[in-house]
Amino acid sequence: MSIVEPTYSARSYSMGLPTRTLNTMRNHHIVLDSPGLREAIMQGEAFVAAVSSCAVAIIERRAPEMEIPLERIDVSIDAYQNPDIVFFDHIDLHFRMVGPTQEQAEALVNRFKELCVLFRTISAATTVNTDVAVAAE
């Protein structure tokens, strides 16, 4: 089957300040900076936030389907880039959950890894380390 329409679309505009862009997705707008300016959210930060957001959304949605109790989830992500190279050296994803057992939490993370197109894209390009922890409260 051929995909006719794009799944996601964005448009970026110059703003008259080098390294700053105005970005439009549907009817939403966000200003992004390159690392040199650092006043607004940087492009890399928006990228990694999309990955951690995908993790939270998929896990929250799939937990009931998998009959796994989930009271809360917190996902943080750290991307490491060698300044001399234009790709990420590695990425660390940290999952913290309240509700599931360790085994259940790991099953949820594995489901995220299967379903998130962003994760699958970055994991094909670089090393992604994950750690999963559960807490009683």
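Just a few scattered comments:
- Potential lengthening of the chain between Thr101 and Asn23 amounts to 24.0 nm, from the contour at 0.36 nm per residue minus the alpha-carbon distance.
- Our helix-only sum for the chain, with -39,500 (n - 2.57) per DSSP H run of n ≥ 4 divided by its residues, gives a mean residue ellipticity at 222 nm of -11000 deg cm²/dmol.
- DSSP loop chymotrypsin sites (Phe, Trp or Tyr not before Pro) with at most 14 other Cβ within 10 Å excluded, longest remaining stretch of the chain: 9-86
- The chain: relative contact order in percent, alpha carbon pairs under 8 Å with at least 6 residues between: 18
- Rounded D (µm²/s) - the chain, Kirkwood Rh over Cα pairs, Stokes-Einstein at 20 °C, 1.002 mPa s: 127
- Mean Kyte hydropathy of 0.0 or more with a Cα span along the axis of at least 30 Å, helices from DSSP in the chain: 43-65
- Rough spin-label spacing in nm, given labels placed 7 Å along Cα→Cβ, for Ala46 and Glu137: 4.0
- ³J(HN,Hα) computed for each position of segment 16-22 - Karplus, 6.51 cos²θ - 1.76 cosθ + 1.60, integer Hz, glycine/proline x: x, 10, x, 6, 10, 10, 9
- Residue range of the chain that is longest and free of trypsin sites (Lys or Arg not before Pro) which are both DSSP loop and sparsely packed (at most 15 other C-beta within 10 Å): 39-137
- Taking GluC sites (Glu not before Pro) across segment 24-61, the ones in a DSSP loop with at most 13 further Cβ atoms lying within 10 angstrom of their Cβ are Glu39.
- Full extension of the segment from Asp92 to Leu115, taken as 0.36 nm per residue of separation minus the current Cα-Cα distance, would add 6.5 nm.
Here, each number is a calculation from the coordinates, and none is a lab measurement. Computed from a prediction, not measured in an experiment: that's the story for all the values here. Note that we place each Cβ from the backbone using ideal geometry, even for glycine, and neighbour counts take in every protein chain shown.
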